[in-house]
Structure formats: C-alpha cells, structure tokens
Amino acid sequence: MLFINPIKASLLILSVFLACGCQTTKTPSDNTPALPQHLAVVTEAEAAKQVIDFSSMELSLAEQMFNSPNLYLTPLLPLAPNVKAQFEQATALIEQGKLTQAVSQFELLHQQNPMLSGPLLKLGDIALKRQQQSIASDYFKQALSLNANNYVASSRLATIKREQGDFAGAKKHYLLALNSWPGLVSAHINLGILYDLYLGNKEDALAHYKLAQRLNELANKPTDKRLKMWIVDVSRQLKHAKKEG
C-alpha cells in the first residue's frame, strides 16, 4: 500500500483549479511536448504489484479537473473551413520534414489571420526543430499575447525555461497551462517532475503525479507504467523521510 500524500500537498493544485471554474466540457486529446526522463529507483515489476491509494480529496479534485472546461478549445468563433484546411496542409509539411515550405505557409496564415495564435505556435515549433530556442520563445510569447489560454504555447515556454535553469519561470508557465485546462495530464506530469527533480518538493510532485494517474484512469487510458513507477518511488521517499524525521 502506498504512502498517502496529505491534503496539504493538494492545496496548491486546488487553488489552480478553483481559479478556472468547474463548467463541464468534453476534453480532447493532449497535444504537448515530450516529457523529460525521470529515472525511478523502483522497477516496473515492483510498481506493478502496488495499488495506488487516492484520498477522497484527490479523487474529487481529479474528477473536477477531468470535467473542467478546456479554455483553449472553446473559441468565440469557429475557424473558417478554408483557414482550417490551410492550417492542416501546413502542419502536414512539418510532418514531411519540409520545414521551409511550412514556415512560408504559416507566415502567410499569420498575415491573413493576425488574431490566431495557432500559426505562431507552429512557427515556434519549427524553430525548436531547428534548435533556435530564442526564436521559438518569441513565437510562443506572441501566441500567448493573442490567446492567453494557448496551453501548448505555455507548456513549450515552460520546457524551454526549465532547460535554461529558470525553474520559477517554468513553474509559472506550467501553472498557466493548467489554468487554461486543469485536466492537462502532461502539465501535471511536467510540473511533478519540476517539483521532484529540480525544486526538491516531493509532496507536491507526488500530488501532481497522482492527479495525472487518476486523470488517465478517468479517460480510460492504459496504465502509464512509467508514471506509476514514479508514484511508487516518490511515495517511498516520503515515507522514508517521515520515519527519519
């Protein structure tokens, strides 16, 4: 049986959620950067034998987050069909590795639709592929200036800041992403990793790992074996620290 994280560790997360309201909407699939590696001491076999215990507050909080609105995907006006088609065509160019052509297409889309954050987000992604971190950051900031709820841009910026050693800035932008969609699993995992490996806050790390785990369960997704290993690992660390203290 795992160490149960106290309610105190969930209060910060609860404050993030309460700032977002609790209107119910359908939440789509996650579209965020690849996660950094966390090298757990616990093996996959050990973790598989464990049952994760959730407190009643953790269960309630995860359910509220799961049913919370995705503010990024609730625009006032839908995209015009031709704009959506152009965007999809330009995105396909990225997937084909035709980055120069994709840049031209997204720049044109931005000129024609200056209030859309999506083309700027994609230009930032292309800059990242080209190892142009500073240029990418500028694009992501521009995207957020047009749509503060673009949680993908917030997550991209958070990852860049973490890699630059700006952990406070990374935390700020992961929390901004969660303000736009409290059910964003990757933001919970990335924030947990930030607390766990970079800020040394194991309690909040465990709280976010467990929220991510429960959100996946609510979405009927297969068990994330890696995430479960981290939960068992950090739970043991906290239990050991409690005994030592």
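The values are calculated or read from the model by the stated rules, or taken from the named source; none is laboratory data. Since the model is a prediction, treat every value here as computed from it, not as a measurement. Methodologically, a virtual Cβ is constructed for each residue, glycine included, from the backbone with ideal geometry; neighbour enumeration extends over all protein chains shown.
Looking at Leu178, Leu211, which is the one that is under 13 Å from Val152 (Cα atoms), crowded, with 24+ Cβ neighbours inside 10 Å and either modelled with pLDDT of 95 or more or of a type in the set (Phe, Trp, Tyr) (or both)?
Numbers: Leu211 fails: under 13 Å from Val152 (Cα atoms).
Only one candidate passes the filter, namely Leu178.
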Discussion item. For a quick check of your reading of the model, give me the residue pairs whose first member lies in the range 146-172 and is under 17 Å from Asn70 (Cβ atoms), whose second is modelled with pLDDT of 95 or more and not in a helix (DSSP H, G or I), with beta-carbon atoms closer than 7 Å and at least 6 apart or on different chains.
Written reply: Asn147/Ser117; Asn150/Ser117; Tyr151/Trp181; Tyr151/Leu184; Ala153/Ser117
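Would you call Pro119 of a type outside the set (Gly, Ala, Ser) and either outside the structural domain of Pro78 (by TED's automatic domain parsing) or surrounded by fewer than 18 Cβ atoms within 10 Å (Cβ to Cβ) (or both)?
Numbers: of a type outside the set (Gly, Ala, Ser): yes; either outside the structural domain of Pro78 (by TED's automatic domain parsing) or surrounded by fewer than 18 Cβ atoms within 10 Å (Cβ to Cβ) (or both): no.
No: the conditions fail for Pro119.
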Item to complete: Kindly check whether there is at least one residue in the range 183-203 that is in contact with a Pro (Cβ under 7 Å, 6 or more places away or on another chain) and surrounded by 17 or more Cβ atoms within 10 Å (Cβ to Cβ).
Response: yes
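Can you confirm whether Gln132 is out of contact with any His (no Cβ under 7 Å at 6 or more places or on another chain) and over 25 Å from Val83 (Cα atoms)? Before you say what the answer is, go through the steps one by one.
Details: out of contact with any His (no Cβ under 7 Å at 6 or more places or on another chain): yes; over 25 Å from Val83 (Cα atoms): yes.
Spelling it out, Gln132 is indeed out of contact with any His (no Cβ under 7 Å at 6 or more places or on another chain) and over 25 Å from Val83 (Cα atoms).
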Item to complete: Consider Arg130 carefully, then state whether it is in the same structural domain as Gln86 (by TED's automatic domain parsing), surrounded by 15 or more Cβ atoms within 10 Å (Cβ to Cβ), on the phi < 0 side of the Ramachandran plot and in contact with a helix residue (DSSP H, G or I) (Cβ under 9 Å, 6 or more places away or on another chain).
Response: no
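Residue by residue, here is whether (1) of a type outside the set (Val, Ile, Thr); (2) modelled with pLDDT of 95 or more; (3) more than 24 Å from the chain's Cα centre (by Cα) holds:
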position	(1), (2), (3)
Leu76	yes, no, no
Ala85	yes, yes, yes
Val103	no, yes, yes
Leu109	yes, yes, yes
Asp125	yes, yes, no
Arg130	yes, yes, no
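Would you mind finding the one in Lys8, Lys98, Lys49 that is surrounded by fewer than 18 Cβ atoms within 10 Å (Cβ to Cβ) and at pLDDT 95 or above? Give the derivation first.
Values: Lys8 fails: at pLDDT 95 or above; Lys49 fails: at pLDDT 95 or above.
Among Lys8, Lys98, Lys49, only Lys98 is surrounded by fewer than 18 Cβ atoms within 10 Å (Cβ to Cβ) and at pLDDT 95 or above.
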